[in-house]
There are 2 protein chains.
Amino acid sequence: MPALANKLYFNYGGQGPLPDPSLAAIIQCWRQIQHLGPFSGEVWPLIERTTGPLRQRLARWFGVAAHRVAFTENVTSGCVLPLWGLPWQQGQELLLSDCEHPGVVAACRELARREGLGLAVLPVKDLRGATAELDAAMLERLDQVLTPRTRLVVLSHLLWNTGQVMPIAAVAERLRLQANQPWLLVDGAQSLGSLPLAEEGAANAAAAADIYACTGHKWCCGPEGLGAVALSERLLGEGQPTLIGWRSLSHEGSAGSGFHGDARRYEVATSCIPLMAGLNQSLQLLDAEGDGPRRLERIRAGSRQLWQGLRRLPGVRTLLELPPSAGLVSFSTAANPELVVRALGDQGIWLRSLEDPHCLRACTHLTTTEAEINQLLEALERLGGPN
Amino acid sequence: MPALANKLYFNYGGQGPLPDPSLAAIIQCWRQIQHLGPFSGEVWPLIERTTGPLRQRLARWFGVAAHRVAFTENVTSGCVLPLWGLPWQQGQELLLSDCEHPGVVAACRELARREGLGLAVLPVKDLRGATAELDAAMLERLDQVLTPRTRLVVLSHLLWNTGQVMPIAAVAERLRLQANQPWLLVDGAQSLGSLPLAEEGAANAAAAADIYACTGHKWCCGPEGLGAVALSERLLGEGQPTLIGWRSLSHEGSAGSGFHGDARRYEVATSCIPLMAGLNQSLQLLDAEGDGPRRLERIRAGSRQLWQGLRRLPGVRTLLELPPSAGLVSFSTAANPELVVRALGDQGIWLRSLEDPHCLRACTHLTTTEAEINQLLEALERLGGPN
């Protein structure tokens, strides 16, 4: 991973580094397409060999059947395209957690404006404790804000700011008990590649949501510009596609065609096929590192080390009160977060600041070493020092 | 262009070949991003240096100010995203030409279903004559089908099936005379990179339309998965974005943010930046071949040679009655089009079949040689022969 060779990198939650074998797979796919002819009878089998296995692999990761997986350009399109196609009625309410990404929030606001829907807030930002207690508290909060008008709940699986994991499967179960069966949209931007989604015996978040939208370019270390969304059978039955192109149609050559019955109805038109070869290679590399729970254990070993080290530094406060359940570690120091980002960047150490809560965030992944975490801690200590 | 080294390629209207320097630019951009850090303070200037000049260059090609240009993943998203954000009223009518691409037609159908709009047809498929006469006939047709309820006209600049050029600027002028000022959506899938859009003195189609959607992967010979749309000032003022992500927001970090005032409000979220380096390189290579009118002249020299040759073959009928105005040459032979495509493909000659009209289509671009056209004609003659 050339991106890790010349710096200390803690921004996996922003964008993961692209491994050399993945870039090589991308380039090779492009060369093959050119060799066969970009629009020729001979290229379609290659495209099928590139998209098919990736869809299968993502389905395995999600723990859903492959016909429930659609490719998207990014998390946003995975969240919003199915959303715009749900049947809405004026007066219904969208319930959004207070830790959702600004893009998704803005899209829900616009949807509410157009369809005459209400907006309500599910507060989760302050939930930063032990998993079991937190899950109970979270479900209690949900019960308090759900109304008979709630038609959609928007919740991230792994909160991008506090780093707390949300009990998605339990939330889904709760929603199914509601008379009006609200839809569940899960922003999985931080979870695919970091949290196990489809392990045997565990509650499966991706399978439980109606819309579970992810990207390949963060924790999966795939190329930017390619994501995927898992959709529920109910959504496939009741939702209509929005951004419609030839890939949405069951018979692409005909204007009279109906939509694909499966998740492909949410795919649009020409995308960059070589990116799929790259993502598949990145997922393969992750698969080779062990199954999801084993990988998460390693990610957590790093985030725990960082979290513990941060708590020993004077003036530093971690957002979470217990070691993180995944690889996101948010914290504040006495200094302005943006100044800290810049000062560390000058030393070749990359983390990011967040606006709300206004703080710093460092991520640890499988590739993060103990020594790198120590170097980050030392650099932070120097910044906070008397000089 | 490796794609042209081992075959006779006539599918530029499907996907253009990617020149080696463009693939090299893509790879270099990826390596630079990794070197600087994919999410680091040092990568933003590189991203700005990659997106900024491409937006400027596309604006020059379109003949509009750069703030009117948005990047899209493909033609469909360029057509449909702004469309979904226009203010509609039940009972208004969408007027679509009978030569629009199935994807756009299906999107308009779905929009009509959701918003209670009517659909009407503007017949242009049979207009296949001399430019001046055709333009007059086309405007007459338009007058006949426009009603006070018409709120949008959808028309391709260069018809993907017959290869006829539509008088977009004249249509736009006609629509401005209507009391209800219908919007004009132009599918420019076949025009960017083949027709000059912004030459001095000429009527500017891209500037005249409200939505002029293009892709980089056909006649521009850029990578697949990147397009652009030029939007009118009126649309920027009255339209709302649909697929909303962090790139749509003027202040991306804040959920309370408004949308960008310029065309970026129609951009969504993370895209593949290296593709932009590739498209910019491809456009630069085209720029080096001469200005738009000069390039079109060369494209037409090839399509004329092909058109004339086809008309000399027994049993072959060209769709156009005069030499093509651009590089698309549609024709039928005595044999089934799909069988012809396969038979020629077996010989390493690639063209495509169309469903409506059911026929064959071969494209000539700057890279098409006289000898290649002769080889295609000979192969067609052999297929039609007595054996």
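Points to keep in mind about this one:
- Prolate/oblate/rounded label for region B:74-118 (Cα gyration tensor, a/c 1.5): oblate
- Signed unit charges on C-beta, dipole axis of region A:192-242, positive-most listed residue A:S194, A:P223, A:I211: A:P223
- Modelled label positions at A:A343 and A:A137, each set 7 Å beyond Cα in the direction of Cβ, lie 3.1 nm from each other.
- Average beta carbon contacts from partner chains per residue of A:218-230, 10 Å cutoff: 3
- Basic side chains Lys and Arg get +1 at the Cβ, acidic Asp and Glu get -1 at the Cβ, and with that the dipole of chain A about its Cα centre reaches some 160 debye.
- With semi-axes defined as the square roots of five times the eigenvalues of the C-alpha gyration tensor, the equivalent ellipsoid of region A:327-387 measures 18, 15, 10 Å, largest first.
- By the Stokes-Einstein formula, at 0.692 mPa s and 37 °C, region A:176-305 with its Kirkwood radius over alpha-carbon pairs has D equal to 197 µm²/s.
- Debye, to nearest 20: dipole size of region A:217-328, +1 on Lys, Arg Cβ, -1 on Asp, Glu Cβ: 660 debye
- Where labels lie 7 Å past Cα in the beta-carbon direction, separation of A:R49 and B:D356 in nm: 3.5 nm
- Calculated [θ] (222 nm, deg cm²/dmol) that DSSP helices of n ≥ 4 give over chain B, each run adding -39,500 (n - 2.57): -13000 deg cm²/dmol
- Less than 5 angstrom separates the built amide H of B:T72 from those of B:G227, B:A228, B:V229, all sequence-distant by 5 or more or on a different chain.
- The other copies place their B:A371 label points at 5.8 nm from this one, listed shortest first, where each point is 7 Å from Cα along Cα→Cβ.
- Two-decimal log10 I(q)/I(0) for region A:231-312, as the Debye equation yields it once each C-alpha is a single scatterer, q = 0.25 Å⁻¹: -1.08
- For chain A, the spherically averaged projection of the C-alpha convex hull amounts to 19.7 nm².
- Mean Cβ count within 10 Å, highest first, over the residues of peptides B:372-385, A:155-168: A:155-168, B:372-385
- Cα-centre dipole for region B:143-221 with unit charges at Cβ (Lys and Arg positive, Asp and Glu negative), debye to 20: 260 debye
- Unit Cα scatterers, Debye sum, region A:114-190: log10 I(q)/I(0) for q = 0.13, 0.15, 0.20 Å⁻¹: -0.38, -0.51, -0.89
- Under 5 Å, built H, 5+ apart or other chain: amide partners of A:T150: A:E93
- Judged by the mean number of other Cβ atoms found within 10 Å, the most tightly packed of the peptides B:37-46, A:255-264, A:209-218 leads the ranking A:209-218, B:37-46, A:255-264.
- Cross-link reach is defined here as a Cα-Cα straight distance under 18 Å, omitting same-chain residues fewer than 8 places apart; for B:K125 the aspartates and glutamates meeting it are B:D98, B:E100, B:E133, B:D135, B:E140, B:D143, B:D187, B:E321, B:E355, B:D356.
- Candidates A:Q89, A:T131, A:L155 compared by Cα position along the dipole of region A:80-160: farthest toward the positive end lies A:Q89, with charges placed on Cβ.
- Look at the dipole of region A:233-309 built from charges on Cβ: of A:N280, A:A269, A:S303, the Cα furthest out on the positive end belongs to A:S303.
- Estimated FRET transfer efficiency when R0 is 25 angstrom, pair A:A169-A:E321 (beta carbons, to 0.05): 0.60
- Fraction of alpha-carbon pairs over 40 Å apart in the protein assembly as shown - percent: 35 percent
- Mean partner shielding of peptide A:250-263, defined as the number of other chain Cβ atoms within 10 Å of each residue Cβ, is 3.
- Rounded if a/c under 1.5, otherwise prolate or oblate - region B:123-240, Cα gyration tensor axes: oblate
- Averaging the Cα positions of each part gives two centres, and for region A:141-189 and region B:14-65 these lie 39 Å apart.
- Gyration tensor (alpha-carbon) shape descriptor, region B:254-387, a/c threshold 1.5: prolate
- Distance in nm between pseudo-label sites at B:A66 and B:R304 (7 Å out along the Cβ direction from Cα): 3.8 nm
- Relative frequency of Cα-Cα separations exceeding 18 Å in region A:34-191, percent: 64 percent
- Remark: relative contact order (region B:104-195) = 25 percent; criterion is Cα-Cα distance under 8 angstrom and separation of 6 or more residues.
- Cβ-vector label at 7 Å, B:G253, separations to other copies in nm: 5.3
- Reciprocal of mean inverse Cα separation for region A:2-92 (Kirkwood radius, Å): 16.8 Å
- Other copies of B:A301: label-to-label distances in nm, shortest first, labels 7 Å along the beta-carbon direction: 6.7
- Amide proton proximity set for A:L96, modelled H, under 5 Å, gap of 5+: A:A120, A:V121, A:L122, A:V154
- Shielding of peptide A:107-115 by partners, expressed as the average count of other chain Cβ atoms within 10 Å per residue Cβ, is 3.
No value in this document is a laboratory result; all are computed from the given coordinates. The shown structure was predicted, so the numbers you read here are calculated from the model rather than taken from an experiment. Quick reminder, even Gly has a Cβ in these numbers, built from the backbone with ideal geometry, and neighbours come from all protein chains shown.
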